[in-house]
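The values are calculated or read from the model by the stated rules, or taken from the named source; none is laboratory data. Everything numeric here is computed off the predicted structure, so don't read it as measured data. Every residue, glycine among them, receives a Cβ derived from its backbone with ideal geometry; neighbour counts consider all protein chains shown.
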Amino acid sequence: MKRWRTKASVTREELGVASNYSPDTIKAMEQGVRMPTARVLDAADELCRAEGLLSAAKDYVRAEKFPPRAQDFMVYEREAISLWSYEVNLIPGLLQTETYARALIGNHCPPLDEETVEQRVAARMERQDLLARTPLVALSFALHEAALRVPQVDKEQLLRLLEAGRPNNISIQVLPFGRTIPAGLLGPMVLLETRDRERLAFTEGPSVSELTSEAEVVSSHTERLSMIRMEALGTEESALFIERMAGEL
């Protein structure tokens, strides 16, 4: 894109105005720091008189639906026959409303462009097809109370949790502050089993994630999750807990 722009004597400022991006963002796209968007490629094609050659690149530079460090996990998630999740600070992606998902993704650090935000929000909503897939997938979610108390969790999100927990293949448990154990403070995790009976564990932090099928690691996470679920409220108590919170909003 830079070669076409310089050949046509188009400045970054001019391309930025035409595509509604800052010159610094244009520079980042030209240097490979950020993925060029369809909007900037179309604008560059017109300004540089590329006769469709730049616009044609849109099919090859589409942003991935998921962050690179989560892509392998998403493949296994789609094929799971059972899944157990524990979250400390966030509502699991499979249970998020679109509003909540957009609030999280839209405040990503470093910031994402609007097109990428919309693609990732749509992809997160598509993941939720797993909740009602046939044959049914056994899904178990444990949430620390802290995940329910952040400002982004509104009444709509709480009601979504109640709705999601009604089918008999889905269980949702809350771990209240007063019943928190050290194992519940060690971060989120997901355990899943594939159709080939392979068991995997996925852990994720702000900048690092790990997907493993190593038996010892999976066993350790399974034991930790069992301890958390023993201290968490039962599914009916958890539903009442969430109902009370929704009633306060």
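Tell me whether segment 99-112 contains one or more residues that are over 12 Å from the mean Cα position of the chain (by Cα), surrounded by fewer than 19 Cβ atoms within 10 Å (Cβ to Cβ) and at pLDDT 95 or above.
yes
I'd like the residue in segment 111-121 that is in contact (Cβ under 8 Å) with a residue 24 or more places away in the chain and not β-branched (Val, Ile, Thr) and, out of all such residues, is farthest from Asn20 (Cα to Cα).
Going through segment 111-121, the residues in contact (Cβ under 8 Å) with a residue 24 or more places away in the chain turn out to be 113, 115-116, 119-120.
Applying the additional criterion that residues be not β-branched (Val, Ile, Thr) yields 113, 115, 119-120.
Details: Asp113: 11, Glu115: 12, Gln119: 18, Arg120: 21 Å.
Across segment 111-121, the extreme among qualifying residues is Arg120.
Could you identify the single residue in Ala146, Ala101 that is of a type in the set (A, V, I, L, M, F, W, C), assigned by TED's automatic domain parsing to the domain that holds Glu79, under 30 Å from Ser22 (Cα atoms) and not in a loop (DSSP other than H, G, I, E, B)? Working first, answer last.
Working: Ala146 fails: under 30 Å from Ser22 (Cα atoms).
The match here is Ala101.
Is it the case that some residue within segment 2-18 is within 29 Å of the chain's Cα centre (by Cα) and not basic (Lys, Arg)?
Here is the first cut: in segment 2-18, the ones within 29 Å of the chain's Cα centre (by Cα) are none.
Checked segment 2-18: no residue is within 29 Å of the chain's Cα centre (by Cα) and not basic (Lys, Arg).
When Glu30 is evaluated against the numbered criteria (1) surrounded by fewer than 17 Cβ atoms within 10 Å (Cβ to Cβ); (2) among the acidic types (Asp, Glu); (3) touching a residue at least 12 places away in the same chain (Cβ under 8 Å), which criterion, by number, is the only one it fails?
Glu30 satisfies all of (1) surrounded by fewer than 17 Cβ atoms within 10 Å (Cβ to Cβ); (2) among the acidic types (Asp, Glu); (3) touching a residue at least 12 places away in the same chain (Cβ under 8 Å) except (1).
So is Val153 surrounded by 19 or more Cβ atoms within 10 Å (Cβ to Cβ) and either under 18 Å from Gly93 (Cα atoms) or without any contact (Cβ under 8 Å) to a residue 60 or more places away in the chain (or both) or not?
Numbers: surrounded by 19 or more Cβ atoms within 10 Å (Cβ to Cβ): yes; either under 18 Å from Gly93 (Cα atoms) or without any contact (Cβ under 8 Å) to a residue 60 or more places away in the chain (or both): yes.
Considered against the rule, which asks whether it is surrounded by 19 or more Cβ atoms within 10 Å (Cβ to Cβ) and either under 18 Å from Gly93 (Cα atoms) or without any contact (Cβ under 8 Å) to a residue 60 or more places away in the chain (or both), Val153 comes out as yes.
Output the residue which, of all residues in segment 131-164 that are within 17 Å of the chain's Cα centre (by Cα) and polar (S, T, N, Q), is nearest to Leu191 (Cα to Cα).
Per the criteria, the residue is Gln157.
Looking at the structure I just gave you, is Ala183 touching a Phe, Trp or Tyr at 6+ places or on another chain (Cβ under 8 Å) and either surrounded by fewer than 19 Cβ atoms within 10 Å (Cβ to Cβ) or free of Cβ contacts under 8 Å to residues at least 40 places away in the same chain (or both)? Before you say what the answer is, go through the steps one by one.
Values: touching a Phe, Trp or Tyr at 6+ places or on another chain (Cβ under 8 Å): no; either surrounded by fewer than 19 Cβ atoms within 10 Å (Cβ to Cβ) or free of Cβ contacts under 8 Å to residues at least 40 places away in the same chain (or both): yes.
Answer is no for this residue.
Considering Leu83, Leu41, Leu90, which residue is touching a helix residue (DSSP H, G or I) at 6+ places or on another chain (Cβ under 8 Å), in a loop (DSSP other than H, G, I, E, B) and aliphatic (A, V, I, L, M)? Step through it out loud before you land on a result.
Details: Leu83 fails: in a loop (DSSP other than H, G, I, E, B); Leu41 fails: in a loop (DSSP other than H, G, I, E, B).
Exactly one of Leu83, Leu41, Leu90 is touching a helix residue (DSSP H, G or I) at 6+ places or on another chain (Cβ under 8 Å), in a loop (DSSP other than H, G, I, E, B) and aliphatic (A, V, I, L, M), namely Leu90.
Of the residues Ala70, Ala56, which is surrounded by fewer than 18 Cβ atoms within 10 Å (Cβ to Cβ), among the aliphatic types (A, V, I, L, M), part of a helix (DSSP H, G or I) and free of Cβ contacts under 8 Å to residues at least 40 places away in the same chain?
Ala56
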